[in-house]
Amino acid sequence: MKNLTKILCSLLVVLAVACSKEGPVGPAGQDGTDGVDGNANVTVYNFSTDFSLASEEDLLLTGISQTDFDNSIKLVYYKDNNCSNFWYAAPGIGCSSLYQIRIYTYNTQTKIIFGIRNPDGGSYTGSTRTITDVKVFVIPPSATINLRTSKPLQELSYEEACAIFNIEP
């Protein structure tokens, strides 16, 4: 049994050493086809002027159409003067869990309403907060697919479903 163990250990060492050696470099392969370009049209709006926040602050986004604004994802991050080492995501709980930030948008203006609330969602009753930085990332879609139908999906014909999901029948 001892000899079998020694043989197996020796075999494992030999296999490990043999597997670590590299062989000669093979011929270069052909270049692949170019893939579909992704969406790199992200715009960042920086608001670096301090403002006091006791209820709401309007953040106007310029240089963007109402349609693009309405169809884009808007990610908002901010810094509180009292916790300036951290970026907080809005909406969400703020510095030391003393408040929460909510964001709202109008369907007629390219602005974000940056509002402060108590952690439970009620009207803010704490001391005024100083917001030192806000970043708004606006990410437009690469494609828009309208999935609203005049009848439930279960009632669509095969051809109607293909047309909605942009699939060739």
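The values are calculated or read from the model by the stated rules, or taken from the named source; none is laboratory data. All of these numbers come straight from a predicted model, not from anything done at the bench. Here the Cβ positions follow ideal geometry from the backbone for every residue, glycine too, while neighbour counts run over all protein chains shown. These area figures cover heavy atoms from the full protein model, side chains too; ligands, DNA and RNA do not enter into them. Shrake-Rupley method; radii C 1.70, N 1.55, O 1.52, S 1.80 Å.
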A chain fully extended from L156 to D120 at 0.36 nm per residue, minus the present Cα-Cα distance, gains in nm 8.6 nm
Nearest 10, in degrees from 0 to 90: the angle of helix 2-20 to the longest Cα principal axis of the chain is 60
Here the longest stretch of the chain that holds no trypsin sites (Lys or Arg not before Pro) in a DSSP loop having at most 11 other beta carbon atoms within 10 Å is 22-147
Taking only Cα atoms of the stretch 68-125, the Rg to Rh ratio with Kirkwood Rh works out at 1.02
The chain accessible area per residue, 1.4 Å probe, protein heavy atoms, integer Å², reads 73
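Quick one: order E56, E160 from most to least accessible surface, probe 1.4 Å. Display every interim value, and only then the final one.
Values: E56 110, E160 70 Å².
So the residues, ranked largest to smallest area, are E56, E160.
Please give me, ordered by residue number, the chymotrypsin sites (Phe, Trp or Tyr not before Pro) of the stretch 69-169 that lie in loop per DSSP and have at most 14 other Cβ atoms within 10 Å. Spell out each step's value before the answer.
Details: sites: F69, Y77, Y78, F86, W87, Y88, Y99, Y104, Y106, F114, Y124, F137, Y158, F165; in loops: F86, W87, Y99, Y106, Y124, F165.
Qualifying residues, ordered by number: F86, W87, Y106, F165.
Carbon and sulfur atoms: what percent of the 1.4 Å accessible area of the chain do they account for? Walk me through the intermediate numbers first.
Values: 6570 of 12370 Å².
Answer for the chain: carbon and sulfur cover 53 percent of the accessible area.
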Between the modelled labels at A28 and I139 (7 Å from Cα along Cα→Cβ) the distance in nm is 3.5
